[in-house]
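We did not get these values from a lab; they are worked out from the coordinates using the rules stated. Note that the structure is a prediction, hence the values are computed from the model and not measured. Cβ: placed from backbone, ideal geometry, glycine included. Neighbour counts: every protein chain shown.
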Amino acid sequence: MDQTLKVLFIISEAEPMIKVGGLGDVGGTLPLALQKLSDRQETETELDIKVVIPYHDHIKQLNWPVEWVINYKIQNRDSFLDVYVSKTLNTDIPIYLLDGEPIRNTDIYSSDTYVDAEKYAFFSCAALELCRALKWTPDVLHAHDWHTAFGVKRLAQIRSFDRLFSKTKSLFTIHNLPYSGGNHPDVLYRYDLQPAYDPAIPDGMRSLPMALGLDSADHISTVSHTYAKEIKTEAFGHGYQFFLQNHSDRVSGILNGILMEQWDPSTDQTLYKNFSAESLDERIHNKRMLQQELWLPQKDETPLFVMIGRMTYQKGFDLCIQALRQMRDLNWQLIVLGTGEESIQKACVALANEFPDRVRVEIKYDSLLSKRLYAGGDLFLMPSRYEPCGIAQMISMLFGCVPVAHATGGLTDTIKDPEDYPDAYTGFLFADTDIQAAEWAMRRSLTYFADKPQWREIQKRGMRQDFSWEKSAKEYIELYRKLSACPASSD
Ligand code: GLC
């Protein structure tokens, strides 16, 4: 061990306390993986990582055991604001929960972008000030997505004169670029945050929180290698492509991992029947029970597609729904689970009405049912228009449910198609974001499904993969180390 690296990790969600989407998985599991690596002394660098999230009302309602840590004040242009900090007990590593007026009585994410801007500007600035309250100097500020981008900007502004942060570097991780936050220059003004000034960021976007983070981060990472390339193009760049092209030396991709022990069909108590790559015959019980549970005809030979997730335009459910209509000549079943936009929910229900003996749609969030779907489904549909990383495809493979997905972002980086890997394929990818391409891939997957011995090999290969955080956590530590070794610049 040659040094202790101190990392302030600020994020809007962290499971198990709070998870709206994949960001919450990362918030909960990456710090843990980093800490484990450091505790096992597998890297040269010892880590001291403090994870800070807002004390959302939702967490208070869970009555999670916490202990009070400290109170302090921060100043904005209008007034002094009180900050109250607790930390969680009964979690693998403590999570600091930060509270104050702009955080109270709010949803995790509001439909009012102004409320959100105020909440997260307060949160990000107060999280930086927590370091001062604890007399703890971070080497790296690791912020995630637009919600915490305010902190990256603030750090860049103050480190030229604020001795506590004079050597602190920032890493800003993009999990979902199109979600930029609301355009509220007056909130920036109140928290003394300057708009982004890089000329490659379009004028109308300079006050967007995402722009602030990109503009002032020492390094920008995103959650897969392919997405790191895609965001430099017009199709995926959402106006930031020129900026990202110009600064490509400070943009890189590190693939998300998962906690493998959380996703193990051989031990998972919520399944009808446990199984592994070595006892794959047992898996069929899960399919039969699932068909029974959802009143679908109990047929082993009928390929069962499943589609799980937030029903947003990003996730592309509409592509597969239409493709399945065009595949009515074939034998298949489909179960959809998720909630989201009204129009997508309706489209799913319409398909179920059209195919009452083949399609079931469950409009809800249900983590237990989702595991039964991973364990009982044959094919996992993931037609995302874009997918920075994605976690569901990894889980589905570990559960022997073979993915059919759009070749984008993390889906490209985690799924191996027969055309590219004739001896090692684990799923099926389609290149274009359209119905024909989805249909082609789904039809193709069914020809493989019909060949049982071959199908079992695909399943086994998928189940034996290692999607743990290990490799990526090492890459983050390396990046932290590199960053902390460079001199700091300021805005
Ligand atoms: C966002 C992205 C998803 C990614 C997750 C965690 O939810 O849409 O692709 O896996 O963040 O990084």
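Along the stretch 259-274 the Karplus relation, 6.51 cos²θ - 1.76 cosθ + 1.60 evaluated at θ = phi - 60°, assigns HN-Hα couplings of 7, 4, 5, 6, 10, 10, x, 7, 10, 5, 6, 8, 7, 5, 8, 7 Hz to successive residues, with x for each Gly and Pro. Amide H to amide H distances under 5 Å link Ile258 with Ser468, Trp469, where only residues 5 or more positions off or on other chains count and H is placed in the peptide plane. Residues whose amide H comes within less than 5 Å of that of Ile335, counting only those at least five positions distant or on another chain, are Phe305, Val306, Met307, Arg360 (H built at 1.01 Å from N in the peptide plane). Close amide H contacts of Met311 (hydrogens built in the peptide plane, cut-off under 5 Å, sequence separation of 5 or more or a different chain): Thr339, Gly340, Glu341.
Local charge for Ser79 was computed over the other residues whose Cβ lies under 14 Å away, with Lys and Arg +1 and Asp and Glu -1, and equals -2.
Shown for Asp417, Asp466, Asp82: other C-beta atoms within 10 Å of each C-beta, ranked fewest to most, produce the order Asp466, Asp82, Asp417.
Backbone phi angles across the stretch 226-243, fed through the Karplus curve with coefficients 6.51, -1.76 and 1.60 (θ = phi - 60°), yield HN-Hα couplings of 5, 5, 4, 7, 4, 5, 8, 9, 4, 5, 10, x, 6, x, 8, 4, 5, 4 Hz in residue order; Gly and Pro are listed as x. With the gyration tensor restricted to C-alpha atoms of the chain, the semi-axes of the equivalent ellipsoid amount to 41, 23, 22 Å, longest first. The alpha carbons of the stretch 261-463 occupy a box of 42, 38, 33 Å along the principal axes, longest dimension given first.
Sorted by mean Cβ packing within 10 Å, highest first, what order do the peptides 160-166, 383-389, 347-353, 174-180 take?
Details: 160-166: 14.1, 383-389: 25.6, 347-353: 16.6, 174-180: 20.4.
Going by the mean number of other Cβ atoms within 10 Å, highest first, we get 383-389, 174-180, 347-353, 160-166.
In order along the stretch 307-317, the Karplus-derived 3J(HN,Hα) couplings, from 6.51 cos²θ - 1.76 cosθ + 1.60 at θ = phi - 60°, round to 9, 10, x, 6, 8, 10, 4, 3, 6, x, 3 Hz, and Gly and Pro are given as x.
The lysines within cross-link reach of Lys73, meaning a Cα-to-Cα straight distance under 19 Å and a gap of 8 or more places when in the same chain, are Lys87, Lys119, Lys135.
Taking the Cβ of Ala323 as the center, what net charge do the other residues with Cβ under 13 Å away carry, scoring Lys and Arg +1 and Asp and Glu -1? Residues close to Ala323 contribute a combined charge of -1. Name the residue from Val66, Gln333, Trp136 whose Cα lies farthest towards the positive end of the charge dipole of the chain, charges +1 on Cβ of Lys and Arg and -1 on Cβ of Asp and Glu. Result: Val66, furthest along the dipole toward the positive end.
Fewest first, what order do Met260, Met210 take by the number of other Cβ atoms within 10 Å?
On the way: Met260 15, Met210 25.
Fewest to most other Cβ atoms nearby, the residues stand as Met260, Met210.
Here the residues Trp469, Trp146, Trp440, ranked from fewest to most Cβ neighbours within 10 Å of their Cβ, fall in the order Trp440, Trp469, Trp146. Rounded to the nearest angstrom and listed largest first, the equivalent-ellipsoid semi-axes of the stretch 152-261 from its Cα gyration tensor are 23, 19, 13. Think of each Lys and Arg Cβ as +1 and each Asp and Glu Cβ as -1; about the Cα centre, that makes the dipole of the stretch 328-372 roughly 180 debye.
Quick one: net charge of Gly410's neighbours, Cβ under 11 Å, K/R +1, D/E -1? Net charge in that neighbourhood comes out at -3.
Mean separation of Cα pairs under 8 Å and 6+ residues apart, divided by the residue count of the stretch 261-463: what relative contact order is that in percent?
21 percent
Helical runs (DSSP H, four residues minimum) scored at -39500 (n - 2.57) apiece and divided by the length of the chain put the mean residue ellipticity at 222 nm at -11500 deg cm²/dmol.
Computed over the stretch 289-356, the percent of Cα pairs more than 20 Å apart is 28.
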